[in-house]
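Asks: Right, I'll just put the structure down here and ask away after.
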Amino acid sequence: MKFHEIVLLSYYMFIGFMFQFPAVTMRFYLIETCKVSPTQMQALQGVVGIPWTVKVLYGFVSDAFPICGYRRRPYIIMSMLVNFGTWLALSSVQEPHIVVVGAMMTLSSLTMCVTDVMVDSILVINARDESEESKGSIQSHAWGARFIGGMIAAVFGGIAYENIGHAGVF
């Protein structure tokens, strides 16, 4: 396996981790701290999912507006930095309001989606270079890595919430 493929698979493991790790904490945070009702929780999850409904646009934007000659890397870097800032800001909110928390969650969702689209496009480019006998293996490995990252996060996300609370997890 080539070095760039290892990096790509590592990212898929990371994104699987990032999708799952804060999930348990976020549910408890919304219920216990923000005092949301089940109806509000479902509505919020619907709003947070909106960025994923227009995934194709992010690919078009990155193709049409390269940054410093690059079509993927700058978007990945910017998205991850904004995502980091969003979670950092969420961890420091003293008196959370559902609208503010929802906006931060939606921004985080948007940045994860943009990053996911960019990395998926890199995966497609790598898949095109596969030999005939190994066609599809990089995609299978990527989804396996994403699953493993999610499983690790599912185990440690709950443990982290119990031991360090929502601010530590965020």
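Asks: Just to be sure before I move on: is V93 open to solvent by 30 Å² or more (accessible area, probe 1.4 Å), modelled with pLDDT under 90 and within 18 Å of the chain's Cα centre (by Cα) in the structure I sent?
Replies: no
Asks: Of the numbered conditions (1) more than 25 Å from I148 (Cα to Cα); (2) at pLDDT 90 or above, G49 satisfies every one except a single condition; which is it?
Replies: Going through (1) more than 25 Å from I148 (Cα to Cα); (2) at pLDDT 90 or above one by one, G49 breaks only (1).
Asks: Which of the residues spanning segment 78-116 are among the acidic types (D, E) and under 26 Å from G59 (Cβ atoms)?
Replies: Matches in segment 78-116: D116 only.
Asks: Return the total of residues in segment 21-46 being touching a residue at least 24 places away in the same chain (Cβ under 8 Å) and open to solvent by less than 70 Å² (accessible area, probe 1.4 Å).
Replies: Residues in segment 21-46 being touching a residue at least 24 places away in the same chain (Cβ under 8 Å) and open to solvent by less than 70 Å² (accessible area, probe 1.4 Å): 12 in total.
Asks: List the pairs whose first member sits in segment 118-129 and is farther than 13 Å from G59 by Cα, whose second member is surrounded by fewer than 11 Cβ atoms within 10 Å (Cβ to Cβ), and whose Cβ atoms are under 9 Å apart, counting only residues at least 6 apart or on separate chains?
Replies: N126/K2; N126/H4; A127/G136
Asks: Related question: Name the residue that is farthest from T86 (Cα to Cα), counting only residues in segment 146-167 that are β-branched (V, I, T) and touching a helix residue (DSSP H, G or I) at 6+ places or on another chain (Cβ under 7 Å).
Replies: I148
Asks: Could you please tell me which pairs satisfy a Cβ distance under 8 Å, a separation of 6+ or placement on different chains, a first residue in segment 78-99 that is more than 15 Å from V114 (Cα to Cα), and a second residue that is outside any helix (DSSP H, G or I)?
Replies: Hits for this filter: W87/F170; L88/F170; L90/F170; S91/F170; P96/C34; H97/C34; I98/C34; I98/V36.
Asks: While we're on this one: Which numbered condition trips up L81, out of (1) at pLDDT 95 or above; (2) open to solvent by 70 Å² or more (accessible area, probe 1.4 Å); (3) more than 13 Å from the chain's Cα centre (by Cα)?
Replies: Result: L81 passes all but (3).
Asks: Can you pull out every residue in segment 1-20 that is open to solvent by less than 90 Å² (accessible area, probe 1.4 Å), over 14 Å from the mean Cα position of the chain (by Cα) and among the aliphatic types (A, V, I, L, M)?
Replies: Matches in segment 1-20: I6, V7, L8, L9.
Asks: Output the number of the condition that Y29 fails; it satisfies all remaining conditions of (1) within 23 Å of D120 (Cβ to Cβ); (2) over 13 Å from the mean Cα position of the chain (by Cα).
Replies: Status for Y29: all satisfied but (1).
Asks: Across segment 136-156, which residue is modelled with the lowest pLDDT among those that are small (G, A, S) and within 15 Å of the chain's Cα centre (by Cα)?
Replies: Here the residue is A154.
The values are calculated or read from the model by the stated rules, or taken from the named source; none is laboratory data. Not measured: the values here are computed from a predicted model. Note that each Cβ is placed from the backbone with ideal geometry, even for glycine, and that neighbours are counted across all protein chains shown. In case anyone asks, the SASA skips ligands and DNA or RNA and just uses the protein heavy atoms, side chains included. Shrake-Rupley method; radii C 1.70, N 1.55, O 1.52, S 1.80 Å.
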